[in-house]
Amino acid sequence: RMTLTATTIAQVLKTADYTTAIFGKWHLGDTDPYQPQNRGFDEVFIHGAGGIGQNYPGTQGDAPGTSYFDPIIKHNNKFVKTKGYCTDVFFKQALGWIKDSKEKEKPFFAYIATNAPHSPFIVADKYKEPYNKIKAIHNESKSFFGMIANFDENMGLLMQKLDEWKLRDNTLLIFMTDNGSSRGTYNFKMKGKKGSLHEGGSRVPLFMRLPGKIKAGVDIDTLTRHYDIFP
């Protein structure tokens, strides 16, 4: 749980007349006072717990009977049954909300935190198929890579729509992940994976794009983490 005394970036942006939304994973407290609608988010479209279908003692857990396909989502405090694969569902909802914000001429903050790639590794066969030719890859790893391919497809759609809606030059697009690889696959020669304090467990990609202000291809060689985004 994130302490109730903390101020979120969504709360601060609202003071500058931004509209704010979250799509996907919250995982900072499942009981009502901790939920994103009470932490600065106008639009809330989330699964429960730390992953879709996750339930364990000491937490509210996710909605009973939910899954990666057609997940049950908590949308503005009401449970809804969606249609499609979870990552596609989150991006589709986010894009609809971004388009609506643009039409209302409201500056917006959209936080898209997908469940994938997260265990259990489940994805449509068409995304696993390209990896079937590589016999050395474990079946779970094929699903893991397939989840990443599906996510990549959705990121491409998001960037395409930002171009199409003429939002590209004045929208800061941040891409990052929360921890190292959750599968014991190739990890750029780094030791360890998710759950480890070694570089392979803690070093992740962080990309920022704001074409109207930031020149492309600038490398930041200073040690940086998610804490640094707010200031």
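The values are calculated or read from the model by the stated rules, or taken from the named source; none is laboratory data. Because the structure is predicted, anything quoted here is derived from the model rather than measured. Don't worry about glycine lacking a Cβ; one is built from the backbone with ideal geometry, like all the others, and counts go over all protein chains shown. The area values use the complete protein model at the heavy-atom level, side chains included, leaving out ligands, DNA and RNA. Shrake-Rupley method; radii C 1.70, N 1.55, O 1.52, S 1.80 Å.
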Please enumerate the residues belonging to region 165-208 that are open to solvent by 50 Å² or more (accessible area, probe 1.4 Å) and not in a loop (DSSP other than H, G, I, E, B). R168, D169, N170, I174, F175, M176, E199, S202, L206, F207, M208
Exactly one condition in (1) open to solvent by 50 Å² or more (accessible area, probe 1.4 Å); (2) among the β-branched types (V, I, T); (3) touching a Pro at 6+ places or on another chain (Cβ under 8 Å) is not met by T15; state its number. (3)
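For every residue, the table says whether it meets (1) assigned to a helix (DSSP H, G or I); (2) over 30 Å from A16 (Cα atoms); (3) in contact (Cβ under 8 Å) with a residue 24 or more places away in the chain.
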| site | (1), (2), (3) |
| --- | --- |
| G65 | no, yes, no |
| Q93 | yes, no, yes |
| A136 | no, yes, no |
| E153 | yes, yes, no |
Residue by residue through region 209-219, note down the ones that are in a loop (DSSP other than H, G, I, E, B), at negative phi and at pLDDT 85 or above. L210, P211, K213, I214, K215, A216, V218, D219
Can you name every residue in region 1-51 that is more than 19 Å from F230 (Cα to Cα), of a type in the set (A, V, I, L, M) and modelled with pLDDT of 95 or more? V44, I46
Got at least one residue in region 69-86 being open to solvent by 60 Å² or more (accessible area, probe 1.4 Å), free of Cβ contacts under 8 Å to residues at least 12 places away in the same chain and either within 22 Å of M155 (Cβ to Cβ) or part of a loop (DSSP other than H, G, I, E, B) (or both)? no
